[in-house]
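Below you'll find the structure, written out as C-alpha cells, and then a few comments.
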Amino acid sequence: MSHESEMIPLLRAEAIAQLEELEFRHPLNTNSDVRMRSIGERVGLQRIGIHLTRVPPGKESFVYHTHVGEEEFIYILSGRGIAEIGDKEFEVKTGDFMGFPAPSVGHHLRNPFDADLLYLMGGERHEIEVGDYPRLRKRGVRTGTEMQLIEWANLDPFWK
C-alpha cells in the first residue's frame, strides 16, 4: 500500500498536542521567536502549508514582509498581538482573521503582551516565491527549500 493511501485526513487534537513544536527565529529579526506545529502535511496537504503557531510574550513572529505570488492567512486562536499591516498597526485578539492576497501588502505580528499569542497560519507553497522586506530594503527569492537574499541596491532591471 502506498503512503498516500495510508494518509488519514483527520488529525485529532490529542495528536496535534503531541507534535513537536519547532522553534524558528527569523535571521533578519533578533526579536523573532516563533514556535510552530506543522499540521497540514500530517493530513497530506501539499499545495498549502498550515501551522499552529505560537509567539511568546515580548517576542515577534518573523519580520515585516510582502509576498509576490503566495497568499497567506492568519486566524488568532488565543491571546493578543499587534498586527502591522501596510503602514498601520492594529491590536488583534481571539477570533480575528487576516488574509493577504498576492501580491500582498506588508505585514508582521508582534506580541508585546503577557500571554502567548496563538494562531493558525496558512498559505500557498509554490516551488518558487519572491518576497520583499521593505523596511530592510532586501528581497528574498526562494526556490524549493533554498533561499537567496538580495539587497535592493543590487537589483538591476533586466529590461524596461
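The values are calculated or read from the model by the stated rules, or taken from the named source; none is laboratory data. Values in this document were obtained by computation on a predicted structure and should not be read as measured data. Backbone-built Cβ (ideal geometry, glycine too); neighbour counts: all protein chains shown.
Some points to look at:
- Number of the exception - Gln46 against (1) polar (S, T, N, Q); (2) touching a residue at least 60 places away in the same chain (Cβ under 8 Å); (3) within 26 Å of Leu136 (Cα to Cα): (3)
One line per residue, one yes/no per condition, for (1) among the β-branched types (Val, Ile, Thr); (2) free of Cβ contacts under 8 Å to residues at least 40 places away in the same chain:
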residue	(1), (2)
Gly69	no, no
Ile82	yes, yes
Thr94	yes, yes
Phe100	no, yes
Ser104	no, yes
His107	no, no
Gly122	no, no
Asp132	no, no
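- Matching option when the condition is among the hydroxyl-bearing types (Ser, Thr, Tyr) and closer than 25 Å to Arg139 by Cβ, among Thr94, Thr66: Thr66
- Residue match in the range 21-43 (condition: farther than 21 Å from Ala115 by Cα, in a loop (DSSP other than H, G, I, E, B) and over 18 Å from the mean Cα position of the chain (by Cα)): no
- Which numbered condition Asp116 misses (of (1) within 14 Å of the chain's Cα centre (by Cα); (2) surrounded by 13 or more Cβ atoms within 10 Å (Cβ to Cβ)): (1)
- Top-ranked residue in the range 18-47 [being modelled with pLDDT of 95 or more and small (Gly, Ala, Ser); ranked as surrounded by the fewest Cβ atoms within 10 Å (Cβ to Cβ)]: Ser38
- Scanning the range 134-146 for residues that are touching a residue at least 60 places away in the same chain (Cβ under 8 Å) and of a type in the set (Lys, Arg), we see that the one that is nearest to Phe97 (Cα to Cα) is Arg135.
- Selection status of Glu91, part of a loop (DSSP other than H, G, I, E, B) and modelled with pLDDT of 95 or more: no
- Residue among Arg54, Arg37 that alone is closer than 18 Å to Asn111 by Cβ, touching a strand residue (DSSP E or B) at 6+ places or on another chain (Cβ under 9 Å) and without any contact (Cβ under 8 Å) to a residue 24 or more places away in the chain: Arg37
- The range 67-78, residues that are within 11 Å of the chain's Cα centre (by Cα), surrounded by fewer than 19 Cβ atoms within 10 Å (Cβ to Cβ) and assigned to a strand (DSSP E or B): Phe73
- Evaluated against (1) assigned to a loop (DSSP other than H, G, I, E, B); (2) closer than 19 Å to Asp33 by Cα; (3) not acidic (Asp, Glu), Pro157 falls short on exactly one condition, (2).
- Subset tally (residues that are within 22 Å of Gly86 (Cβ to Cβ) and charged (D, E, K, R)) for the range 103-122: 1
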